[in-house]
1. State the number of residues belonging to segment B:36-61 that are surrounded by fewer than 21 Cβ atoms within 10 Å (Cβ to Cβ) and within 14 Å of chain A (Cβ to nearest Cβ).
2. Taking only segment B:269-299 into account, find how many residues are away from chain A (no Cβ under 14 Å) and not basic (K, R).
3. If only one of A:L309, A:L279, A:L314 is in the same structural domain as A:N425 (by TED's automatic domain parsing), hydrophobic (A, V, I, L, M, F, W, C) and part of a helix (DSSP H, G or I), which one is it?
4. Of everything in segment A:109-157 that's β-branched (V, I, T) and facing chain B (nearest Cβ under 7 Å), which residue is farthest from the chain's Cα centre (by Cα)?
5. If you check every pair at least six apart or on different chains, which have Cβ atoms under 8 Å apart with a residue in segment B:95-118 that is at the interface with another protein chain (Cβ under 9 Å from one of its Cβ atoms) first and a residue that is of a type in the set (K, R) second?
6. Going through A:S175, A:S188, A:S209 one at a time, which residue ends up being within 30 Å of A:Q53 (Cα to Cα) and not basic (K, R)?
7. Name the single residue that is farthest from the other protein chains (Cβ to nearest Cβ) among those in segment A:198-217 being surrounded by fewer than 24 Cβ atoms within 10 Å (Cβ to Cβ) and in contact with a helix residue (DSSP H, G or I) (Cβ under 7 Å, 6 or more places away or on another chain).
8. Can you tell me which residues in segment B:235-267 are under 30 Å from B:A168 (Cβ atoms) and out of contact with any Ser or Thr (no Cβ under 7 Å at 6 or more places or on another chain)?
Amino acid sequence: MNTNKNEHRVVLTGMGAITPLGHDVETIWANLLAGKCGIRPTEHFDAATFPTQFSAQVVDYDYRNFVEHPEYHEHAGLNTRFALGAARQAWANSGLDKVADLDRDRIGLYLGSGEGTLDFENYVATNLKAWDPDKRAIDAVKWAQAARGAFDVYRETEQEANMTLAHVAMELGVSGPAYNCLTACAASTQAIGEAYEILRRGDADVMISGGAHSMIHPLGVTGFNRLTALSTRNDSCITASRPFNRTRDGFVLGEGSGMVVLETLEHAKARGATILAELIGYGSSADAYRITDIHPEGRGPIGAMRQALKQAGLEPTDIDYISAHGTGTKENDSIETRAVKAVFGDAAKSIPVSSVKSMLGHLIAAAGAVELITCLLAMRDSKIPPTINLHEPDPDLDLDYVPNAARDRQVDVALSNSFGFGGQNDTVIIRRFDA
Amino acid sequence: MSRRVVITGLGTLTAAGVGIEALWQTVTAGQSSLDRISNFDPSRFDVQIAGEVRDFKIAKFVPKSYRKATKVMARDIELAVAAADQAVRHAGLNTPGIDPEADRTYPGSRSGCHIGAGLIAADLDELTDALATSTDDDGKFDMHQWGSEGMTHLTPLWLLKYLPNMLACHVTIIHDSQGPSNTITCGEASSALSIGESMRIIERGDADLEFCGGAESKLNPMAFYRQISTGRLTTKANDAPAGAVCPFDAEASGTAIGEGGGIITLEAHETATARGANIYAELVGYGGSHTIYPQGHGLEPDPEGKGIAAAVRAALRNAKLSPDDIDLIIPTGSAIPAYDRSEAAALKSVFGDRLGQIPLWSSKPYVGNCGAGAGGVDTALASMMLTEQTLPARINCNSPIEGLAAASAPSHAAALNHVLVLTTSLGGQNAALILKKA
């Protein structure tokens, strides 16, 4: 791999999250270890007749309780508001908020955040006013007339997927290299991996990374329902997210944000930072197979995991815990299991593999960052979060999925997987910091 | 020692046509391709002009076995797929997507793909056809009808047309590119950021070939309306589109939207020379930054352009060059007065008085602002300028901002060693690339 002796070691020094199970890391963690579930009937819109009527929503959250500059964010979309709360917490957790004379051009951002939420009501009304049923087409003249004054310029602009980034940069006042990647469900793991590469090569001293997303809106749920990707277990939503279970029937949409602070080891040491863990491996790959299906042998996930292990210089037996992508769709859980077996061989069955999506739902672009935070906490507390709702094992899925109850286990090295629709795959590996 | 990275294939789809040759011909002839919108009737929009890619059928740009998949391609995806096809052919590379029978140039594991994308707008005809099934007696939308029945009028794969990562996903599938893959969504800076990150991937040895750049189309009533409402587009040239966009000119009144795909192939210098590739330019510098200017509320730029200058300085440092080494600048040059002044201030702070001697050249008067595709188009053009040692015509600038070498001029020969390509986004991300004559 890379033999450049000048490359930097990269450590994690801060974390923050806003999720359906709480608005701070410790509350979320306690809920996850207790096997609590954040899923409930959807309230963001009237989903009463949708195939899926439930989701994992963030409740009673006000970003103004977290930010220093609420005046910058008046128009911010929902995902951006989640990001601001998580980023502020991560920033404070890292202690960087107390450091004077930061070189802010050397502090960058790499987010994997989603697009903002559509102004559904006005959008639909405008389209319908312009609909020509005979031609089965939009009349652009009528559309332009109907649109005039119907839309708020800020709300429209905020939908672009770089706006979360812009708000977090403004809130924290950081001006280094700034990116947003949107590789579907892999986005925030990818963002963290790419932020690590930027620090490793010396293009910044500190990177704030993670993701934020909400697709709990009418067209988001429509899109996933049409793909038959969501669970439709409306009679028992609290048990609907059941990764690796024989009766799993799809994932459950969640929302929120996870953010971490990454630094070069030199920078962290120089300021006496508390180091949570070292990031030692990142792998990214493309299935290059089909838009609709994952490669049946899992060649993309295998490639990402192997690349991350190689970069970390580890053997499969060195991994103590795998935070699975574990969405709860038939296909994902089968193929992920196959890919883990291919990469880890004989060691696979003795490595705990769990999915916190069983409790948090699937935060889409934000999922990977929140899951990496659970890996940091697993390492800190020597506790592995469970996969809940796993009462009926799938005979084809035979790994140790940490069913239903958290487990005490020392974790020195953890691996986190995220795989996106369309075949973008990312893996990161963290290790307990050892100077 | 990190590896050298070269540009070996240029693929563009713009209002000037399909392929880099068509674009090059247009810019050297000094003829704008902006025109009245034909994709929909723009007569009730405040802006009625744009740079449309016309006479373009995606089926010609994918292998026969892949034609079915074009049904799930939004316009942005089509532009990216076709631009990637053009780039691969221009580079003389073979992939399974070009000729599955012949030997491929690089194994899939050594090929990566980073593509910049924007917010993809849903096709309104398709969506509204389904929405219209769920209305009450007053013609108002009824969510209950939609949930129980209406949504089934949308094709099951509907969502997959609009995920930004699908640009890269289709390209990776067609060309069997299994290496590092990413989708960067940073507005107009997306392409240049994806090119810069691809450069780093090759430098550190994680791939030998990278597809990079970006594509976007905002020529959809909703997406177009969003752009108009930001106040960034000129409303004064609906009758004279060719003269609409006037970067750095006293008469500048805003920009125009262009559809654009700009994908280039990067290769490691060692593997490119081993296969005897044509090298159009070497990529020697890259830097990124974020503008912090909360006073602008997201719609106004920092008048001092500090963030933009930081990206340029980072790229110069990375290239181990001084400002005196730059012979030509391809800035964003959007012709939005406040943004032009911000960019000019940034350049002035880096290049000092010598800025007056460095030509500024903008593609916007020709093809408009191609959004996430803009940096790919500009990098392709910069590569051509270095190869041909020609500075194409500059148009629509009769009274440039003082101290800028931006005045209209015909195409002419020019000794070019280093070209700076600079992109800035609405939102504040900045990216600078430096290309060197091969």
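The values are calculated or read from the model by the stated rules, or taken from the named source; none is laboratory data. From a predicted model like this one, the values you see are computed outputs, not experimental measurements. Heads up, the Cβs are rebuilt from the backbone with ideal geometry, glycines too, and the neighbour counts pull from every protein chain shown.
1. So the answer is 9.
2. Of the residues in segment B:269-299, 15 are away from chain A (no Cβ under 14 Å) and not basic (K, R).
3. A:L309
4. A:V141
5. Between residues of segment B:95-118 that are at the interface with another protein chain (Cβ under 9 Å from one of its Cβ atoms) and residues that are of a type in the set (K, R), the close pairs are B:G118/B:K218.
6. A:S188
7. Applying the filter and picking the extreme gives A:D205.
8. Residues satisfying the conditions are B:I257, B:I263.
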